Amino acid sequence: MELPDKIFLIGFMGSGKSTHGKRLARLLNRPFIDLDHYIERKENKSIGEIFTKDGESHFRDLEKLYLNQVISRYAQSVISLGGGTPCFNDNMNTILKNGLPIYIQMSPEALFNRISNSANERPLLKGKTKEQSLDFINETLTEREKYYIKALIKVNGIDLTANKLAEELSLFIANN
Ligand code: S3P
């Protein structure tokens, strides 16, 4: 098997999709696209603004629209998706049809710690206490895992590096 044209990084908020995606793209010498940033550029609004002004369901429509746009616009690329992207509007089937998804796995506690230490805006956790956030992460991760685990490659997000991701890719390609 050849390296697929599109490598998608999927996983919960805070799992490091963007950071690792950027590094992996550099290593593979491919363009990197972060779907959330792409949406913000196209809509000229932050993700937070889209959630507050237009609501989550409108955000999910945009997410689907721009996922398809990115897929048709970039041939060989590394694409990091939003935490919810694979879990709405049949997007996981689109992802599987068009490339190779890698799921970056992490425990709810590790995710919470990483999200708390990040400056990124997370509309879904806005106004929640630590306990409420942990409950939300636990429940949402359980609901979403049925989509995430369809990824063809699963990696542990702790101590992950671009080299490790590239190794996993090579292994997968050699065996398929
Ligand atoms: C979301 C995750 C966010 C962003 C939006 C919704 C989610 O992306 O797409 O806030 O539903 O989990 P990150 O996973 O990059 O934070």
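The values are calculated or read from the model by the stated rules, or taken from the named source; none is laboratory data. Keep in mind that this is a model prediction, so the values were computed, not measured. So basically every Cβ, Gly included, is an ideal-geometry build from the backbone, and we count neighbours across all protein chains shown. The area values use the complete protein model at the heavy-atom level, side chains included, leaving out ligands, DNA and RNA. Shrake-Rupley method; radii C 1.70, N 1.55, O 1.52, S 1.80 Å.
On the stretch given as the stretch 117-145, residues that are within 13 Å of the ligand (Cβ to nearest atom) and open to solvent by 70 Å² or more (accessible area, probe 1.4 Å) total 6. Pairs are defined by a Cβ separation below 7 Å, a sequence spacing of at least 6 or placement on different chains, a first member in the stretch 80-92 that is free of Cβ contacts under 8 Å to residues at least 40 places away in the same chain, and a second member that is more than 7 Å from the ligand (Cβ to nearest atom) and open to solvent by 20 Å² or more (accessible area, probe 1.4 Å); the pairs so defined are Asn89/Lys64; Asn91/Lys64. Note on the stretch 101-126: among residues that are at pLDDT 95 or above and in contact with a Lys or Arg (Cβ under 7 Å, 6 or more places away or on another chain), the one that is farthest from Leu65 (Cα to Cα) is Gln105. For residues that are within 14 Å of the ligand (Cβ to nearest atom) and part of a loop (DSSP other than H, G, I, E, B), scanning just the stretch 77-113, find the one that is farthest from Thr129 (Cα to Cα). Per the stated criteria, the residue is Asn89. Residues of the stretch 41-57 that are surrounded by fewer than 18 Cβ atoms within 10 Å (Cβ to Cβ) and either among the β-branched types (Val, Ile, Thr) or part of a helix (DSSP H, G or I) (or both): Arg41, Lys42, Glu43, Gly48, Glu49, Thr52, Lys53, Asp54, Glu56, Ser57.
Taking interchain pairs and intrachain pairs at least six residues apart, which have beta carbon atoms under 9 angstrom, with the first residue in the stretch 41-68 and touching a residue at least 60 places away in the same chain (Cβ under 8 Å) and within 15 Å of Leu125 (Cα to Cα) and the second basic (Lys, Arg) and surrounded by fewer than 16 Cβ atoms within 10 Å (Cβ to Cβ)? Once the first residue is touching a residue at least 60 places away in the same chain (Cβ under 8 Å) and within 15 Å of Leu125 (Cα to Cα) and sits in the stretch 41-68, its partners that are basic (Lys, Arg) and surrounded by fewer than 16 Cβ atoms within 10 Å (Cβ to Cβ) give Gly48/Lys126; Phe51/Lys126; Thr52/Lys126. Note on the stretch 21-60: residues that are more than 12 Å from the ligand (Cβ to nearest atom) and within 29 Å of Asn163 (Cα to Cα) amount to 12.
In the stretch 19-32, which residues are under 20 Å from Gly157 (Cβ atoms) and in contact with a helix residue (DSSP H, G or I) (Cβ under 8 Å, 6 or more places away or on another chain)? So that I can check it myself, show each step before the final result.
Step one: of the stretch 19-32, the residues under 20 Å from Gly157 (Cβ atoms) are 19-28, 32.
Once the filter is applied, which keeps residues that are under 20 Å from Gly157 (Cβ atoms) and in contact with a helix residue (DSSP H, G or I) (Cβ under 8 Å, 6 or more places away or on another chain), the stretch 19-32 yields His20, Arg23, Leu24, Arg26, Leu27, Leu28, Phe32.
Scan the stretch 2-14 and give yes if some residue there is among the small types (Gly, Ala, Ser) and assigned to a helix (DSSP H, G or I), otherwise no. The answer is no; no qualifying residue exists.
Of note, Glu121 satisfies the criterion of being touching a residue at least 60 places away in the same chain (Cβ under 8 Å) and either under 27 Å from Arg26 (Cα atoms) or touching a helix residue (DSSP H, G or I) at 6+ places or on another chain (Cβ under 7 Å) (or both). Only a single item in (1) farther than 21 Å from Ala162 by Cα; (2) surrounded by fewer than 19 Cβ atoms within 10 Å (Cβ to Cβ); (3) more than 16 Å from the ligand (Cβ to nearest atom) is not met by Ile71, and it is number (2). Checked against (1) away from the ligand (no atom under 16 Å from the Cβ); (2) part of a helix (DSSP H, G or I); (3) at pLDDT 95 or above, Ile158 passes all but condition (2).
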